[in-house]
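**Student:** Structure below; questions to follow.
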Amino acid sequence: QVQLVESGGGLVQAGGSLRLSCAASGNIFSVNDMAWYRQAPGKQRELVADIRSGGSTNYTDSVKGRFTISRDNAKNMVYLQMNSLKPEDTAVYYCNAKAFTGPIHRYLELWGQGTLVTVSS
């Protein structure tokens with residue numbers, strides 16, 4: 001079974017930092033794009049940042065200069081370093097990956113279970 005497992009969420013004061021981690025495990029041949037999404041209460045899920053297998057990155061405007069996405073291809077892991085956190089960053093953060101999986105290299109989009117980040121003012 002292929003899955004993504006996130007860790008690192010929690011409660012932090014405004015201005016603080018958190019680092020999220022996500023590990024892809026199971027029968028994975030290769031992982032292409034990896035990303036972090038978030039969903040705040042009453043809002044739609046939005047893309048926070050993504051990173052291609054070659055390392056190029058993209059960020060939503062509200063986190064540019066504060067968040068950094070990175071990956072370890074050897075470990076099939078993706079990270080999100082979040083600095084200068086604001087109360088409006090409060091959300092459930094989801095890991096996302098597109099990967100070739102299984103014996104026939106089936107292309108799947110995978111989602112983690114989500115990890116809650118709460119930023120207090």
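**Student:** What's the number of the only condition in (1) open to solvent by 20 Å² or more (accessible area, probe 1.4 Å); (2) within 14 Å of S17 (Cα to Cα); (3) of a type outside the set (A, V, I, L, M) that P103 fails to meet?
**Tutor:** Of the numbered conditions (1) open to solvent by 20 Å² or more (accessible area, probe 1.4 Å); (2) within 14 Å of S17 (Cα to Cα); (3) of a type outside the set (A, V, I, L, M), the odd one out for P103 is (2).
**Student:** Scan the stretch 1-17 for residues that are assigned to a strand (DSSP E or B) and either of a type in the set (S, T, N, Q) or touching a Gly at 6+ places or on another chain (Cβ under 8 Å) (or both) and report the count. Walk me through how you get there before you give the answer.
**Tutor:** Narrowing the stretch 1-17 to residues assigned to a strand (DSSP E or B): 3-7, 10-13.
From what's left, either of a type in the set (S, T, N, Q) or touching a Gly at 6+ places or on another chain (Cβ under 8 Å) (or both): 3-7, 13.
Of the residues in the stretch 1-17, 6 are assigned to a strand (DSSP E or B) and either of a type in the set (S, T, N, Q) or touching a Gly at 6+ places or on another chain (Cβ under 8 Å) (or both).
**Student:** Are there any pairs, at least 6 apart or on different chains, whose C-beta atoms fall under 7 Å, with the first in the stretch 20-37 and touching a residue at least 60 places away in the same chain (Cβ under 8 Å) and over 11 Å from M77 (Cα atoms) and the second in a loop (DSSP other than H, G, I, E, B) and among the β-branched types (V, I, T), and if so, which?
**Tutor:** Listed by first residue and then by second, the contacts come to G26/V2; N27/V2; I28/V2.
**Student:** Shifting gears a bit: What's the total number of residues in the stretch 89-107 that are over 13 Å from G10 (Cβ atoms) and under 10 Å from the mean Cα position of the chain (by Cα)?
**Tutor:** 4
**Student:** Also, quick follow-up: Of (1) modelled with pLDDT of 95 or more; (2) within 19 Å of Q113 (Cβ to Cβ); (3) β-branched (V, I, T), T57 satisfies all except one. Which?
**Tutor:** With respect to (1) modelled with pLDDT of 95 or more; (2) within 19 Å of Q113 (Cβ to Cβ); (3) β-branched (V, I, T), T57 is out only on (2).
**Student:** Return the residues of the stretch 61-95 that are of a type in the set (F, W, Y) and in contact with a Lys or Arg (Cβ under 8 Å, 6 or more places away or on another chain); say none if nothing qualifies.
**Tutor:** Hits for the stretch 61-95 are Y79, Y93, Y94.
**Student:** Keeping to the stretch 74-85, report how many residues are closer than 13 Å to S21 by Cα and open to solvent by less than 30 Å² (accessible area, probe 1.4 Å).
**Tutor:** As a first pass, look at the stretch 74-85 and keep what is closer than 13 Å to S21 by Cα: 75-82.
Now drop any that are not open to solvent by less than 30 Å² (accessible area, probe 1.4 Å), which leaves 78, 80, 82.
The number of residues fulfilling the criteria is 3.
Okay, residues lined up against (1) more than 30 Å from Q1 (Cβ to Cβ); (2) in contact (Cβ under 8 Å) with a residue 24 or more places away in the chain; (3) within 12 Å of the chain's Cα centre (by Cα); (4) loosely packed, with under 12 Cβ neighbours inside 10 Å:
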residue	(1), (2), (3), (4)
D61	yes, no, no, yes
D72	no, no, no, yes
P87	yes, yes, no, yes
E109	no, no, no, yes
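The values are calculated or read from the model by the stated rules, or taken from the named source; none is laboratory data. Computed from a predicted model, the values in this text were never measured in an experiment. Note that we place each Cβ from the backbone using ideal geometry, even for glycine, and neighbour counts take in every protein chain shown. Keep in mind that these areas ignore ligands, DNA and RNA; they rest on the heavy atoms of the full protein, side chains included. Shrake-Rupley method; radii C 1.70, N 1.55, O 1.52, S 1.80 Å.
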